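Report on the following structure.
The values are calculated or read from the model by the stated rules, or taken from the named source; none is laboratory data. Model, not experiment: these values are computed from the prediction. With ideal geometry, Cβ positions are generated from the backbone for all residues, glycine too; neighbour counts draw on all protein chains shown.
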Ligand SMILES: Cc1ncc(COP(=O)(O)O)c(C=O)c1O
């Protein structure tokens, strides 16, 4: 009898990370993984280089300073934070903690594609609610909740759509949840959400016992390669998460860089200004080409290719690749007519818009 994984794991679709290599191009323009094109703060880089000298030691599990710096920046209670090697790991840990066999996790159909994988890994059943043209719909999510539901998981703002749910809508969803259902808000892109009706779900954590929020240093802080995420929730939950997590959830370098990055508010502002400018430009330019652009509160734009624009997503992707540019393509039916473009550097965005314009104008 051979060794066998849990049967449910055989039905997991591989979560394809964005490709980063193109044959014939030494340094392609990679717009496929929602990284920060401007890199991390120079102060964070300096702090990480310094901390490398301590690499032979296990990191002191002392995230106290990191927690207090984050707490000060966002007016949050450091005692309600837990850390991990990326928010991905924290989300997985959280779902594992609160959902299991015979129970269900509800998510929106086109949300972050790891969500059903977290559920299956925990032995729970993922239930996908319909959305409305890539926008979450609270009523459709609520319609999927029943006595088996233990977790509702939202990415707000969402990836890959870039859309968001207003604070009022998140609160309406929360009001519809029984007390024994945990609402997890994956707020990986929160810093980019500048619209006035977006509300940080960390505020809900102060008001309710069944809300927890995950955040990351991978996006606006440009530290995707260092792996650092945190979550904010009820004190007993974060204490439990810390107990059951890895012995050393945060490595020495990520810890040092994270502290310096939070403190470097000028760098964050520069990244946000750059992002806002290019999100507006790409949205305008691509819309002018007859493409459908989904309104983005993130560092990427999801783009639809309607038949009238004369080019399919597939052929556009191939053309972009042949010019050394890598948008994100998704092997899913709802995304077969779409590509996602992450904001790159000024030069990368200028080139991308030029190549797209020539290709679509020639259609
Ligand atoms: C919506 C969303 N959540 C979570 C993550 C995971 O981020 P990390 O594990 O790097 O913190 C990502 C990464 O792209 C994401 O898009």
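Okay, here's what the table says:
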read-out: Output for the range 100-118, where each listed residue is within 15 Å of the ligand (Cβ to nearest atom) and in a loop (DSSP other than H, G, I, E, B); value: 109, 110, 111, 112, 113, 114
read-out: Single match in 107, 174 (criterion: in contact with a helix residue (DSSP H, G or I) (Cβ under 6 Å, 6 or more places away or on another chain) and in the same structural domain as residue 245 (by TED's automatic domain parsing)); value: 107
read-out: Top-ranked residue of the range 168-201 - restricted to ones that are within 16 Å of the ligand (Cβ to nearest atom) and in a helix (DSSP H, G or I), ranked as surrounded by the fewest Cβ atoms within 10 Å (Cβ to Cβ); value: 191
read-out: Residues that are touching a strand residue (DSSP E or B) at 6+ places or on another chain (Cβ under 8 Å), within 16 Å of the ligand (Cβ to nearest atom) and in contact (Cβ under 8 Å) with a residue 40 or more places away in the chain, drawn from the range 203-222; value: 212, 214, 215, 216, 217, 218
read-out: Selection count, the range 73-99, where residues are within 16 Å of the ligand (Cβ to nearest atom) and in a helix (DSSP H, G or I); value: 10
read-out: Residues (part of a loop (DSSP other than H, G, I, E, B) and within 19 Å of residue 20 (Cα to Cα)) located in the range 296-329; value: 299, 323, 324, 327, 329
read-out: Residue 225 vs. criteria without any contact (Cβ under 8 Å) to a residue 60 or more places away in the chain, assigned to a helix (DSSP H, G or I) and not assigned by TED's automatic domain parsing to the domain that holds residue 336; value: yes
read-out: Options 293, 281: the member that is more than 16 Å from the ligand (Cβ to nearest atom), surrounded by fewer than 24 Cβ atoms within 10 Å (Cβ to Cβ), outside the structural domain of residue 62 (by TED's automatic domain parsing) and free of Cβ contacts under 8 Å to residues at least 60 places away in the same chain; value: 293
read-out: Verdict on residue 57 being in the same structural domain as residue 215 (by TED's automatic domain parsing), within 30 Å of residue 206 (Cβ to Cβ) and either at pLDDT 95 or above or part of a loop (DSSP other than H, G, I, E, B) (or both); value: no
read-out: Residue selected from the range 330-361 under the condition at pLDDT below 95 and in a loop (DSSP other than H, G, I, E, B), by the criterion surrounded by the most Cβ atoms within 10 Å (Cβ to Cβ); value: 330
read-out: Of the criteria (1) modelled with pLDDT under 95; (2) under 30 Å from residue 152 (Cβ atoms), which one residue 212 fails; value: (1)
